[in-house]
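The structure appears below as structure tokens.
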Amino acid sequence: MKAYFLPFVFIFALTLARIANAQDTDKETEAALRQASEAAKKMGIEMPNVKKMMEEDAKEEAKEAAKAKAKVQAAISAPGPVVFPDWMPKIPGFTPAGAAAKKVVDDVPQIVQTGTSPLTPVALADAWEKFKNDKYQFSRMRSNINKTITQTVTFRELEDPHQEVTMEATREPREEITHVTLSAPLPTPAEAKEE
């Protein structure tokens, strides 16, 4: 029995390797699956239908992606005011470029508002950091890429409802103003949550 089983394992492993290779065409994959299936039948071993399994996985992934997209759309479409948490720290010298709006950023529904400030990104981040206290989780990231300075500060409530707000302040070299983006995740409406 062992002698018959080893060739099957070898053929099955080769088949899976060929399937995993992104450069294989559908015809090559089908031929390899057919060859492995025939070898398994000769040995009296039932081989799983790999192609069917791959198709089922693709359908499940598409279904999950559709659910996630529906949740995002439900959050964006939900009625209610578009406002940041009332505890959000003030931004010194901030001039909004418009009202806060619901937007999808990296597949996440958020409240977003942009604007400018005459202060540097470091000065804005320092002002926000003064708000630190035991009620909020605090994080600050700094970057200087090709002399473009970016400071990102996030506060998140430790108690329910765990609201969060992020300020990203960026200034390009030779600019005299800082571009500010405020963002806060939108809650997912109850009717869009999974059962």
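Nothing in this text is a laboratory measurement; each read-out follows from the coordinates by a stated rule. Given the structure is predicted, the values throughout are model-derived calculations rather than measurements. Reconstructed Cβ throughout: ideal geometry from the backbone, glycine too, with neighbour counts over all protein chains shown.
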Quiz item: For E157 and T95 in one chain, what is 0.36 nm times their gap in residues minus the Cα-Cα distance, to one decimal in nm?
Solution: 19.8 nm
Quiz item: With each label point set 7 Å from Cα along the Cα-Cβ vector, what nm distance links R142 and A62?
Solution: 5.0 nm
Exercise. Could you list the GluC sites (Glu not before Pro) in the stretch 89-179 that lie in coil according to DSSP, counting only those with at most 11 other Cβ atoms within 10 Å of their Cβ?
Key: E159, E176
Quiz item: So, in nm, how far is label T120 from label K69 when the simple model puts each one 7 Å beyond its Cα toward the Cβ?
Solution: 4.5 nm
Self-check item: Sequence-distant lysines (8 or more away, or on other chains) whose Cα lies within less than 19 Å of K69
Solution: K59, K102, K103, K193
Exercise. Compute the distance in nm between two label points, each set 7 Å from the Cα along the Cα-to-Cβ direction, one at E38 and one at V83.
Key: 7.2 nm
